[in-house]
Amino acid sequence: RNGAPLMESPSPTGRRAVELATAAARLRVDLAGGSLAAFTLAKAGAPNPLSWDCASHDGLDPLALAPRPLGHFLCLDRWGPPTAQEEENGMSYHGEASQVEWNVVSQTPAAAMGSARWAKVSMEATLPMAGLHVVREVALSSIAAMALVQEKVTNIAPLGRVYNMVQHPSLGAPFLDDSTRVDCNGRRGFAQGPNRTDCPQPEQPTFNFPDAINRAGEKADARAMTGGDDDVQSYEVDPESPIGWVTAMNAGLGLVFGYCWPRVDYPWISLWCCSRAEGYMARGIEFGTTGLHQPFPVLAKHPRLFELPTFAFVDAGEAQTRKYAMFILEVPPGFKGVASVVVSGSTITLVETGAGRKMSIDAEEPIFD
C-alpha cells in the first residue's frame with residue numbers, strides 16, 4: 001500500500017468504486033467489473049462521455065451490484081462471443097474481465113506525490129477460467145485532463161495459450177447525440193458479420209475509413225451513427241504511424257474525448273453503433289489486438305487480416321504489458337473534428353480537420369516512454 005490510504009468508495013449507485021480526482025479531471029473506476037465508468041473535467045456538472053451501462057442496453061437491473069460492463073470496459077481473454085460449448089461452460093461474451101471483482105492494491109493522491117503531478121491507483125483481477133491475472137496502473141494528471149493506463153496480463157496457467165485484449169470505451173448520452181463525430185487513424189476496414197459465423201474472406205468487401213457498411217448492407221459514414229442496432233466496423237491502424245488514436249467530438253458540448261496508444265500494442269480500431277427506436281443507445285470507440293469479432297476456432301482459420309494478427313499468444317508464466325492514454329479537451333465553437341493526433345514527449349496535439357488549427361494537452365511528463 002506504500003503507506004497511502006486506500007480510498008475505495010461507493011459510486012452514486014452504491015457500487016464498489018475508486019475515484020481519482022485532481023485539479024484537472026476526475027476518473028472513477030467501477031471495481032465490480034473493472035470498468036472506467038466516468039472520466040470528466042474537474043468542474044462541477046461536467047458531462048461524462050462514458051455514461052453507457054450494459055444494464056440499459058441489455059434490459060438488466062440498473063441497481064444490481066454484481067460485476068457488469070460500464071463505460072470503458074476491458075475485453076479479456078477474447079473480443080466477442082465464446083463458442084457455444086464455452087458459453088455452456090460459463091465463459092462470458094467479451095471474456096471474464098468485466099465479470100469479476102477487481103481489488104485495489106495501492107492508491108496515492110496527487111498531493112502525496114511530492115514533485116510528481118499524478119494521482120495514481122493500482123488494481124488487479126484474476127480470470128479463473130481464462131487462467132490470466134491482470135494488473136492495471138492508472139495515473140491521472142493534475143495539470144491536464146489526461147490519464148495514462150498500463151495493464152500487465154500474466155498467464156498463470158501451466159500451458160501457453162492464444163488470447164485477445166480489446167479496450168471497449170462505449171459512449172452514452174448526453175455526450176452521444178446527433179452532433180457526436182468520431183475520427184481515427186484507421187485505414188483499410190471491413191464490416192463484422194453475424195456472431196459465430198465464418199466466411200472465406202471476412203475482410204471483404206474492404207473499404208477505407210470513414211467508409212462503412214452497416215448490417216443492412218447499406219453504405220454509411222463511420223464518423224456518424226451508421227443506422228443499425230449492432231453495426232461494427234474494424235480498421236487497421238495507419239501502418240505508417242507509431243501510434244493509434246480515436247476521438248469523439250460533441251460540438252454542442254464543445255468537447256473532444258479520445259485515446260491514443262502505441263500501435264504495436266493495439267493494431268486494430270473497431271467502431272460500434274447501436275441505434276434503436278428509442279434513440280442512440282451506444283457508440284463504441286474500441287481498440288485492441290484483434291479486428292475479428294468471432295470465437296477462437298474462426299480466428300484460427302484467419303490468423304492474419306491486412307497483414308495483422310487476429311490474436312496474441314502468451315506462454316505459461318509470461319507477462320505482457322500494453323498501455324494507452326485518454327484525454328478530454330474543450331474546443332471552440334465551429335471546431336470541425338480531428339484530422340490527426342500527434343504524441344511528442346509529454347504533449348498530445350490535435351490537428352483540426354480542414355482548418356489545421358492545433359490544440360494541445362501537456363502533462364509535463366513523458367506519455368509513452
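The values are calculated or read from the model by the stated rules, or taken from the named source; none is laboratory data. Here the structure is a predicted model, which means the values were calculated and not measured. Note: ideal-geometry Cβ built from the backbone for every residue, glycine included; neighbour counts use all protein chains shown. Areas reflect the complete protein model, heavy atoms only, side chains present, ligands, DNA and RNA absent. Shrake-Rupley method; radii C 1.70, N 1.55, O 1.52, S 1.80 Å.
I'd like to check something: does region 188-208 contain any residue that is farther than 25 Å from Lys336 by Cα, assigned to a strand (DSSP E or B) and out of contact with any Phe, Trp or Tyr (no Cβ under 8 Å at 6 or more places or on another chain)? Explain how you work it out, then say what you get.
Residues of region 188-208 that are farther than 25 Å from Lys336 by Cα, as a first pass: 190-206.
Next cut, assigned to a strand (DSSP E or B) only: 190-191.
Restricting the remaining residues to those that are out of contact with any Phe, Trp or Tyr (no Cβ under 8 Å at 6 or more places or on another chain) gives 191.
Yes, region 188-208 contains a residue that is farther than 25 Å from Lys336 by Cα, assigned to a strand (DSSP E or B) and out of contact with any Phe, Trp or Tyr (no Cβ under 8 Å at 6 or more places or on another chain).
Out of the residues in region 222-235 that are open to solvent by less than 10 Å² (accessible area, probe 1.4 Å) and in a strand (DSSP E or B), state the one that is farthest from Leu305 (Cα to Cα).
In this case the residue turns out to be Asp231.
When region 255-282 is examined, which residues are found to be of a type outside the set (A, V, I, L, M, F, W, C) and either open to solvent by 10 Å² or more (accessible area, probe 1.4 Å) or farther than 30 Å from Gly345 by Cα (or both)? Please lay out each step first, then the result.
As a first pass, look at region 255-282 and keep what is of a type outside the set (A, V, I, L, M, F, W, C): 258-259, 262-263, 265-267, 270, 275-276, 278-280.
Once the filter is applied, which keeps residues that are of a type outside the set (A, V, I, L, M, F, W, C) and either open to solvent by 10 Å² or more (accessible area, probe 1.4 Å) or farther than 30 Å from Gly345 by Cα (or both), region 255-282 yields Pro262, Arg263, Asp265, Pro267, Ser275, Arg276, Glu278, Gly279, Tyr280.
From the set of residues in region 296-323 that are in contact with a Lys or Arg (Cβ under 8 Å, 6 or more places away or on another chain) and over 23 Å from Thr206 (Cβ atoms), which is least open to solvent (accessible area, probe 1.4 Å)?
Step one: filter region 296-323 for residues in contact with a Lys or Arg (Cβ under 8 Å, 6 or more places away or on another chain), giving 296, 298, 306, 310, 313-314, 319-321.
So of that shortlist, the ones also over 23 Å from Thr206 (Cβ atoms) come out as 296, 313-314, 319-321.
Numbers: Phe296: 34, Phe313: 112, Val314: 0, Ala319: 52, Gln320: 33, Thr321: 65 Å².
The qualifying residue least open to solvent (accessible area, probe 1.4 Å) is Val314.
For region 358-369, give me each residue that is touching a residue at least 24 places away in the same chain (Cβ under 8 Å) and open to solvent by 60 Å² or more (accessible area, probe 1.4 Å). I'd like the intermediate steps shown before the answer.
Initial filter on region 358-369 (touching a residue at least 24 places away in the same chain (Cβ under 8 Å)): 359, 361-365, 367-368.
Scanning region 358-369 gives Asp362, Glu364, Glu365.
With the condition being open to solvent by less than 10 Å² (accessible area, probe 1.4 Å), I'd like the strands (runs of 3 or more DSSP E) fully within region 98-174 carrying at least 2 qualifying residues.
Numbers: elements: 103-108, 118-127, 132-141, 146-155, 161-171.
Counting at least 2 such residues, we get 118-127, 132-141, 146-155, 161-171.
How many residues does region 329-354 hold that are surrounded by fewer than 22 Cβ atoms within 10 Å (Cβ to Cβ) and either charged (D, E, K, R) or part of a strand (DSSP E or B) (or both)? Working first, answer last.
Filtering region 329-354 for residues surrounded by fewer than 22 Cβ atoms within 10 Å (Cβ to Cβ) gives 330-337, 339-340, 342-347, 349, 351-354.
From what is left, the residues that are either charged (D, E, K, R) or part of a strand (DSSP E or B) (or both) are 330, 336, 339-340, 342-344, 347, 349, 351-352.
Total meeting the criteria: 11.
Failed condition for Thr197, given (1) at pLDDT 95 or above; (2) over 19 Å from the mean Cα position of the chain (by Cα), with all others met?
With (1) at pLDDT 95 or above; (2) over 19 Å from the mean Cα position of the chain (by Cα) applied to Thr197, the lone miss is (1).
Given the criteria among the hydroxyl-bearing types (Ser, Thr, Tyr) and within 19 Å of the chain's Cα centre (by Cα), does Ser170 qualify? First the steps, then the outcome.
Working: among the hydroxyl-bearing types (Ser, Thr, Tyr): yes; within 19 Å of the chain's Cα centre (by Cα): yes.
Considered against the rule, which asks whether it is among the hydroxyl-bearing types (Ser, Thr, Tyr) and within 19 Å of the chain's Cα centre (by Cα), Ser170 comes out as yes.
With the structure loaded, tell me whether Ile243 is open to solvent by 10 Å² or more (accessible area, probe 1.4 Å), closer than 19 Å to Ile328 by Cα and under 16 Å from the mean Cα position of the chain (by Cα) or whether it fails that test.
yes
For region 36-94, which residues satisfy the criterion of being small (Gly, Ala, Ser), surrounded by 14 or more Cβ atoms within 10 Å (Cβ to Cβ) and without any contact (Cβ under 8 Å) to a residue 40 or more places away in the chain?
Passing the criteria: Ala37, Ala38, Ala46, Ala55, Ser92.
May I ask you to verify whether Phe313 is in a strand (DSSP E or B) and either over 22 Å from Ile243 (Cβ atoms) or touching a helix residue (DSSP H, G or I) at 6+ places or on another chain (Cβ under 8 Å) (or both)?
On the way: in a strand (DSSP E or B): yes; either over 22 Å from Ile243 (Cβ atoms) or touching a helix residue (DSSP H, G or I) at 6+ places or on another chain (Cβ under 8 Å) (or both): yes.
Spelling it out, Phe313 is indeed in a strand (DSSP E or B) and either over 22 Å from Ile243 (Cβ atoms) or touching a helix residue (DSSP H, G or I) at 6+ places or on another chain (Cβ under 8 Å) (or both).
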